[in-house]
Amino acid sequence: NLETRKPFFDVVMTGHSFGAAMATIASFRYASSNSQMRVSCHVFGSPRIGGEEWRQLIHSVPNLRIYRTENGSDPYVLLPSGNEWIHCGHAIQMGDGSEFKARRFDRDRSSTTSNNHNLLGFVQAKVGMAQGSSQGKVDHDIQSYDEKLTSSGDKWFTDFCEVKGKGIRANNERRTLA
């Protein structure tokens, strides 16, 4: 049993797409049952997996941190459709080029995605379902995430650190990486 053999170790879970949803659920279950251990969940291209109650439950676990990385062109992070589905955790969105945007507890999401009343149509257009394009699938592949992070060099880090980045503003508070 890990918590008895290594009580001061941190546990990190990760996943991509469906694996990201599974990692989020598993990290919640593990953190909830092992309150003495710090648990981090780093996921890529995660779909939305619950509603507001789920989100609040996840955020209420003091030893759990969830970080979602989204490719700005990945339409699958908007699924499933419907206003009852919502993301949890902090989000880092990789835009076109090498620009990065962080959202603390996923607030300040662009209104073009979260308030879109025809979300299914929006996703189908982004995925290219009507045109038979596979660009949405390409943007969702883990290789696309890897290429964006690798090609950005240290920009993803310096965008959020004290050296030259702007960090994250939330509740009139500025936070940066040290």
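Restricting the search to the stretch 1-15, which residues are of a type in the set (A, V, I, L, M, F, W, C) and open to solvent by 50 Å² or more (accessible area, probe 1.4 Å)? Passing the criteria: L2, F8, F9, V12. Would you say F18 is under 28 Å from Q143 (Cβ atoms), open to solvent by 90 Å² or more (accessible area, probe 1.4 Å) and either more than 13 Å from the chain's Cα centre (by Cα) or not hydroxyl-bearing (S, T, Y) (or both)? Yes, satisfied.
When the stretch 32-48 is filtered for residues that are open to solvent by less than 40 Å² (accessible area, probe 1.4 Å) and either in contact with a Ser or Thr (Cβ under 9 Å, 6 or more places away or on another chain) or among the basic types (K, R) (or both), the ones remaining, listed by number, are V39, S40, C41, V43, G45, S46, P47, R48. Note on the stretch 60-76: residues that are more than 14 Å from K148 (Cβ to Cβ), surrounded by 15 or more Cβ atoms within 10 Å (Cβ to Cβ) and not charged (D, E, K, R) amount to 7.
The values are calculated or read from the model by the stated rules, or taken from the named source; none is laboratory data. This is a predicted model, so every value here is computed, not measured. For neighbour counting, all protein chains shown are included, and Cβ atoms are generated from backbone atoms with ideal geometry for every residue, glycine included. For accessibility, only protein heavy atoms count, side chains too; no ligands or nucleic acids. Shrake-Rupley method; radii C 1.70, N 1.55, O 1.52, S 1.80 Å.
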